[in-house]
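The values are calculated or read from the model by the stated rules, or taken from the named source; none is laboratory data. Because the structure is predicted, anything quoted here is derived from the model rather than measured. We place every Cβ from the backbone using ideal geometry, glycine too, and count neighbours over all the protein chains shown. Protein only, heavy atoms only, side chains kept; ligands, DNA and RNA dropped before computing areas. Shrake-Rupley method; radii C 1.70, N 1.55, O 1.52, S 1.80 Å.
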Amino acid sequence: MKRFFLFFSIFISVYIFPQSYHAFRLIFEYYKDQLQMVRYEEVFCKDGNKIVFVKVPKKITWVKLNGKFYIGTEKLKLSPPINDLEDVFYKYLDTHKLSRDFNGEITIAEKLFTIKAVKTNGMLTKIVRKFSNILTEMHFIYLPTTKTFEDILSSLKLSDESDLPYKIYSILNKFLWFTPKISKDNLEIYAIDKNGEEVILEISKKYGEFKIDSFYLTIKKSSKETREEIKNEISRVN
């Protein structure tokens, strides 16, 4: 389990939206104005389903397919929700009933973060998120391709094996984005909820506030509203 958490923790952060494209993306992450990370990836997207080949800094593939997520190299195992900056931006717009139909630049400011997106001819070309001392930029380069989404998908090996109960994934999917970190033998989840407020969860094999299959989950920090949403989701999935 620990190896899985380390494997997954390079991702920060399901909403289906009808758009299809093939693009290369460049992601830059700055900490206190100093460049810390560059990621280069190729993306095939069809009607909200997505295949992402991360090429730099480490080769890895992740897939969003009909509400499920997979991640890996040769065999892609079932994964907690993976929301990239594009997903975060659209998820935020949908949660707050803001229109996706815009051209030019739009900026949204919350208490803990700001997010700016630029669209040209109806297509996203740049997304910038500022969260605490971390600035993340995503740039899109759209290109035609002779490969279909189905062709690419058929070349991948997806597995419904999972290192966490799938019931936990439905809880994590309620957040705009989250970052997993290992603390001793437990997994701590640092998340931002739909209202832009901080959430901290702890997942353990030994102890916790709520039992979910063979794991325990503890809500260490959240708003009253988000805590109730998490508790209701735990009751539903259990």
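How much FRET efficiency would the formula 1/(1 + (r/R0)^6) give for K220 and S132, where r is the Cβ-Cβ distance and R0 is 25 Å, rounded to 0.05? Here the calculated transfer efficiency is 0.90. Annotation: peptides 44-52, 139-147, ranked by per-residue average of other Cβ atoms within 10 Å with the highest first, follow the order 44-52, 139-147. All distinct Cα pairs of the range 163-238 go into the 1/r average, and the inverse of that average, the Kirkwood radius, is 12.3 Å. Ellipsoid semi-axes for the chain, based on the Cα gyration tensor and the rule √(5λ), read 28, 22, 17 Å when sorted largest first.
Cross-link pairs exceeding 18 Å between alpha carbons, from the set K167/K231; K194/K231; K50/K167; K64/K157: K50/K167. What the Kirkwood sum gives for the range 137-204 is a hydrodynamic radius of 15.4 Å, with every pair of different alpha carbons counted.
For the range 46-59, 3J(HN,Hα) computed residue by residue from phi via the Karplus equation (6.51, -1.76, 1.60; θ = phi - 60°) reads 9, 6, x, 6, 8, 10, 10, 9, 7, 9, 9, x, 9, 6 Hz, glycine and proline entered as x. D by Stokes-Einstein for the range 17-73, Kirkwood Rh over Cα pairs, 37 °C, 0.692 mPa s: 266 µm²/s. Mean silhouette area of the range 82-162, derived from the convex hull of its C-alpha atoms and averaged over all directions, reads 8.0 nm². A 1.4 Å probe over all protein chains sorts F149, F175, F131 by accessible area into F131, F149, F175, starting with the largest. For the residue pairs K97/K220; K184/K205; K174/K224; K58/K130; K181/K206; K91/K111, the C-alpha atoms sit more than 22 angstrom apart in K97/K220; K58/K130. Label-to-label distance for S20 and I182 is 4.1 nm, based on points extended 7 Å past Cα in the beta-carbon direction. Shown is the FRET efficiency for K205 and T120, computed with R0 = 41 Å from the Cβ-Cβ distance and rounded to the nearest 0.05: 0.30.
About the centre of its Cα atoms, the chain shows a dipole size close to 400 debye [charges on the beta carbon of Lys, Arg (+1) and Asp, Glu (-1) only; nearest 20 debye]. Ligands, DNA and RNA excluded, the heavy atoms of L98 present near 70 Å² of accessible surface to a 1.4 Å solvent probe. Between D94 and T145, the contour length at 0.36 nm per residue exceeds the alpha carbon distance by 15.4 nm.
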